[in-house]
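S.K.: The structure's right below; bear with me while I get my questions together.
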Amino acid sequence: MSDNINFVKGRGIHLYTDQQEEYIDAVSGTFNISLGYSHPELVEVLKKQVEDLIHASSSFTGDIAQDVLDDILEQAPEYITDGWMRDIIGSTANEGAIKIANKYNGKSEVVSLALSHHGQTLFTTAISGNAFRRKSFPHTITIQNGVVPAPYCYRCPYGAKGAPACGFLCAEAIYDYAKYGSSDNVSCMIIEPVLGNGGNIIPPEGYFERIKKICEELEIVLIADEVQTGIGRTGYMFASEHYDIQPDIITLAKGLGGIGIPAAAILFRSQFAVLEKFEHSYTSGGNLLSLAASKKTMEIVSREGFLQNVRENGKILGKLLHQLKEDYGYIIGDVRGIGYMWGLEIVDKDGLPDTDMTNRLIELALQDHKMILRGSRYGFGNVLKVRPTLTATQDDIEEICYRLNKLFRQLQPEFHESNRIS
Ligand SMILES: Cc1ncc(COP(=O)(O)O)c(C=O)c1O
């Protein structure tokens, strides 16, 4: 159905079709429109860049890239002091981070989490925590890697009743894999601070502390994949800082480009500056348009009050979504999130994941309420994601929740008819 909709213009959280119909986008594109569609300051900077110079070989743009990198590093956790601006998408930034770890410690295996998503190149598909992504590509599974349980307390893979009482069994699985499952060949662990695609899963307090200790003890390089969480999505510039993850390497993409301009970066502690240019560079990596967009985005997101606004409005968004659970609790099993990164877990009458209903909600939201939502795991999951642009106002947030309310109310009779509610 979405194939019939042609968007030709966008402003803020609004999109307009060639038929002059207005939609609201509650998920910022694919979470990459961090500053809203066609943010005027970004448009102005980009127009000028297009007129001046669109591309020069990276042999001649090093100083400009360094300048943007410095702006990003200025906002990064203090132990992160260096970086690499030769990527253009999150997948290759993650591969670059893994190359760095491999070169640094001479080991090869990667530990990732079940339900994680780190990209769609062959290698990032191989380390994905969603096996369905590998199904059609038999070669990817020949890579030796460990996928360990996710810190998914709502559906704890061990059936435990919550942290810290559980003893962080999911984190201990990492220790066991690295120590016994991999013959001491684990180079790095890659982790999303909030598992975005897997279902907006927020690890419990104490989890990251345990992960860091395990990585230190076993000399595993810790990579925070902040492709979704970075540049303000959680209300903090870096989720790594908020959750005190203390990673060795951080990867960025999506929100860095502000209005959908592809941009990516790898940040690291100084001792990880091990790559030669010829080991990880792409023709369009760190191109002038991408650098101009990244610079302006960093400037805007760093402005006084900007992230505080995301944190405060994020709380309002959370409150309104929890209210939805109060009202329609038989279908919304859990509400979780931070900043402008929220998810509603959609369940059936037995509390089991209801993927069909999740996809139906997304379809009806678009069709009847002119609102774009997304589901987890590319439609294979049961978490409805709500992630407006960081510039969304309180009015925007309320409008999104108003439409969500109408959407759930519309489906209410259906639940009764099918005896979903006893
Ligand atoms: C957490 C995470 N890492 C990496 C990627 C891959 O980024 P890209 O699509 O820019 O290659 C994504 C994309 O959705 C992502 O969500």
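The values are calculated or read from the model by the stated rules, or taken from the named source; none is laboratory data. None of these values were measured; they are calculated from a predicted model. Backbone-built Cβ (ideal geometry, glycine too); neighbour counts: all protein chains shown. Each accessible area value is taken on the protein alone, full model and side chains, heavy atoms only, with ligands, DNA and RNA left out. Shrake-Rupley method; radii C 1.70, N 1.55, O 1.52, S 1.80 Å.
S.K.: Counting only DSSP beta bridges with both residues in the range 43-302, tell me the antiparallel percent, nearest 5.
M.R.: 40
S.K.: Among H322, H117, H139, whose mean-square fluctuation peaks in a Gaussian network model of the chain (Cα, cutoff 10 Å)?
M.R.: It is H139.
S.K.: Longest segment of the chain with no GluC sites (Glu not before Pro) in a DSSP loop having at most 16 other Cβ atoms within 10 Å?
M.R.: Answer - 79-204.
S.K.: Still on this structure, I have one more. Could you tell me whether the range 196-335 comes out rounded, prolate or oblate from its Cα gyration tensor? Rule is a ≥ b ≥ c as square roots of the eigenvalues, rounded for a/c under 1.5, then prolate if a/b exceeds b/c, otherwise oblate.
M.R.: oblate
S.K.: Measuring from the lowest to the highest alpha carbon on each principal axis, how far does the chain reach, largest first, in angstroms?
M.R.: Principal extents (Cα only, largest first): 62, 57, 42 Å.
S.K.: Is the shape of the range 280-335 best called rounded, prolate or oblate, per the rule: a/c under 1.5 gives rounded, else a/b larger than b/c gives prolate, else oblate, with a ≥ b ≥ c the square roots of the Cα gyration tensor eigenvalues?
M.R.: oblate
S.K.: Within the range 24-95, report the chymotrypsin sites (Phe, Trp or Tyr not before Pro) that DSSP leaves as loop and that have at most 15 other Cβ atoms within 10 Å.
M.R.: Passing both the DSSP loop test and the Cβ count: F60, Y79.
S.K.: So, with a 1.4 angstrom probe, what is the percent of accessible area on the range 29-81 that is carbon and sulfur?
M.R.: The C+S portion of the solvent-accessible surface of the range 29-81 is 52 percent.
S.K.: Would you calculate a helix-derived [θ] at 222 nm for the chain, using -39,500 (n - 2.57) for each DSSP H run of n ≥ 4 and dividing by the full residue count, to the nearest 500?
M.R.: -11000 deg cm²/dmol
S.K.: Additional query: Please sort by residue number the trypsin sites (Lys or Arg not before Pro) in the range 88-166 whose DSSP state is loop and whose Cβ has at most 13 other Cβ atoms within 10 Å.
M.R.: K135, K161
S.K.: Considering only C-alpha atoms, what is the centroid distance from the range 217-251 to the range 305-379, in Å?
M.R.: Cα centroid of the range 217-251 versus Cα centroid of the range 305-379: 24 Å apart.
S.K.: Post the alpha-carbon centroid distance, the range 272-300 to the range 125-185, in whole angstrom.
M.R.: 31
S.K.: Quick one: pull the percent of accessible area on the range 131-279 belonging to carbon and sulfur, 1.4 Å probe, ligands and nucleic acids left out.
M.R.: 52
S.K.: While we're on this one: Leaving ligands, DNA and RNA out of it, report the carbon-plus-sulfur percent of the accessible area of the range 316-360 at a 1.4 Å probe.
M.R.: Reported share for carbon and sulfur atoms: 48 percent.
S.K.: For the range 303-382, state which trypsin sites (Lys or Arg not before Pro) are in a DSSP loop and have at most 14 other beta carbons lying within 10 Å of their beta carbon.
M.R.: R303, K349
S.K.: At 1.4 Å probe radius, can you tell me the per residue accessible area of the chain in Å²?
M.R.: 43
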